[in-house]
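Asker: Structure in structure tokens, see below.
Nothing in this text is a laboratory measurement; each read-out follows from the coordinates by a stated rule. The shown structure was predicted, so the numbers you read here are calculated from the model rather than taken from an experiment. For neighbour counting, all protein chains shown are included, and Cβ atoms are generated from backbone atoms with ideal geometry for every residue, glycine included.
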């Protein structure tokens, strides 16, 4: 039986139009700095609407940090950047308690984690203990220092950049932390025309320095609430479940997608539908997002690694094998 409007409130056309308009303003603002990379920018905006964390993974010099900064400056939110290094301590991220002699008591001195947009630059340059200091903040939106819990401001999003682990001086992220990232994005090299445009754009000045905000935090929170009311047909829900559950039975995978991953695919599909002007999710939304949402959550078996097969390749085969629902109308009430 399909979900009806009486069971769940459904986003209105006006709410979807608002999401589209603000996302387009953000996209245009980011494009003043970033050349090309439309798919990466769209995925970053999907994560913003889901208040989810993003791992941008690629070689140095591709523009990972510039993309993260361009989005942060487009938002009127508190922004902090942490440069991860081998000697970085957990307290350098979360803050510490300092004894106040005047008040004769300990007081909390916040670390850079007390931000709304946190850029964790080259996160795999620090050791696992320091990387894990982000875990509670990323999942619970709070930090605990000396037994006292401090809530983080909302919205709170971590944008982490990472260089491939085969480069010297890097540490692989703990599996539990990788699962906390809503999306993993790779930028890749620009096309020749795009690279020439980069030369021209940055020839006289850095356009990032002139970027201004186009939306504030209250509006972002409102958009996030609207996105969660995007309608998901029961057949599309079933498709999401079949995709994720199939990974748990795959013989070449040691670890499949967790329920957190299933929920991530569901919510990102809602956000993508809203960005593209729909109040309902279609199977193409799910297929488009399956790789960036799910691939980093899969752990191949040792035998699979020896064969040189990656989690991304296995997932692509699964996406091709799982039947797509044939229903033609996905909107609530059957209205396209």
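Asker: Taking 0.36 nm per residue of separation and subtracting the Cα-Cα distance, what length does fully extending residue 284 through residue 89 add?
Answerer: Once the chain is fully extended between residue 284 and residue 89, it gains 65.9 nm.
Asker: Next up: Just to be sure I understand: with springs between alpha-carbon atoms less than 10 Å apart, which residue in 241, 45, 183 has the highest mean-square fluctuation in the Gaussian network model of the chain?
Answerer: Among 241, 45, 183, the largest GNM mean-square fluctuation belongs to 241.
Asker: Measure nothing fancy, just the Cα-based angle from helix 192-201's long axis to the longest principal axis of the chain, in degrees from 0 to 90, nearest 10.
Answerer: 40 degrees
Asker: Can you tell me the FRET efficiency between residue 321 and residue 176 if r is taken as the Cβ-Cβ distance and R0 is 35 Å, rounded to the nearest 0.05?
Answerer: With R0 = 35 Å, the Cβ-Cβ based efficiency is 0.75.
Asker: Would you mind telling me which residue in 222, 140, 237 has the biggest mean-square fluctuation in a Gaussian network model of the chain, where springs connect alpha carbons within a distance under 10 angstrom?
Answerer: In this elastic network of the chain, the residue with the biggest mean-square fluctuation among 222, 140, 237 is 140.
Asker: Only helical DSSP H runs with n ≥ 4 go in: add -39500 (n - 2.57) per run for the chain, normalise by residue count and round the 222 nm mean residue ellipticity to 500 deg cm²/dmol.
Answerer: About -12500 deg cm²/dmol.
Asker: Could you tell me which of rounded, prolate or oblate describes the chain, using a ≥ b ≥ c as the square roots of the eigenvalues of the alpha-carbon gyration tensor, with rounded for a/c under 1.5 and, failing that, prolate when a/b is larger than b/c and oblate otherwise?
Answerer: Taking the square roots of the gyration eigenvalues as a ≥ b ≥ c, the chain is rounded.
Asker: So in the chain, what percent of DSSP beta bridges are antiparallel if you round to the nearest 5?
Answerer: In the chain, approximately 40 percent of DSSP beta bridges are antiparallel ones.
Asker: Which shape class applies to region 185-243: rounded if a/c is under 1.5, otherwise prolate when a/b exceeds b/c and oblate if not, where a ≥ b ≥ c are the square roots of the Cα gyration tensor eigenvalues?
Answerer: oblate
Asker: Going by how many other beta carbons lie within 10 Å of each one, how would you line up 302, 91, 226, fewest first?
Answerer: With the fewest neighbours first, 302, 91, 226 line up as 302, 91, 226.
Asker: For region 204-336, what does the relative contact order come out to in percent, with C-alpha contacts under 8 Å and a separation of six or more?
Answerer: 29 percent
Asker: Another question, then. Rank these for me by crowding, 294, 255, going from fewest to most other beta carbons within 10 Å.
Answerer: Ascending Cβ contact count within 10 Å gives the list 255, 294.
Asker: Separation between the residue 129 and residue 201 pseudo-spin-labels, each 7 Å from Cα along Cα→Cβ, expressed in nm?
Answerer: 4.1 nm
Asker: Another one. Run the numbers for residue 150 and residue 303: contour at 0.36 nm per residue of separation, minus the present Cα-Cα distance, in nm.
Answerer: Stretched fully, the residue 150-residue 303 segment lengthens by 50.7 nm.
Asker: If each of residue 254 and residue 105 carries a label point 7 Å out from its Cα toward its Cβ, how far apart are those two points in nm?
Answerer: The modelled label-to-label distance comes out at 4.9 nm.
Asker: Can you tell me the alpha carbon radius of gyration of region 231-331 divided by the globular rule-of-thumb value 2.2 N^0.38 Å?
Answerer: Region 231-331 yields a ratio of 1.09.
Asker: Report the full-extension gain for the segment residue 213 to residue 189: residue separation times 0.36 nm, less the Cα-Cα distance, to one decimal in nm.
Answerer: That works out to 5.9 nm of additional length.
Asker: For 104, 304, 161, what ranking results if the residue with the fewest other Cβ atoms within 10 Å of its Cβ goes first?
Answerer: Ranking 104, 304, 161 by Cβ neighbours within 10 Å, fewest first, gives 104, 304, 161.
Asker: Hey, another quick one. For helix 259-275, report the angle its Cα long axis makes with the longest principal axis of the Cα atoms of the chain; keep it between 0 and 90° and round to the nearest 10°.
Answerer: 80 degrees
Asker: How tilted is helix 13-30 with respect to the longest principal axis of the chain? Cα atoms for both, answer in degrees (0 to 90, nearest 10).
Answerer: Rounded to the nearest ten degrees, it is 50.
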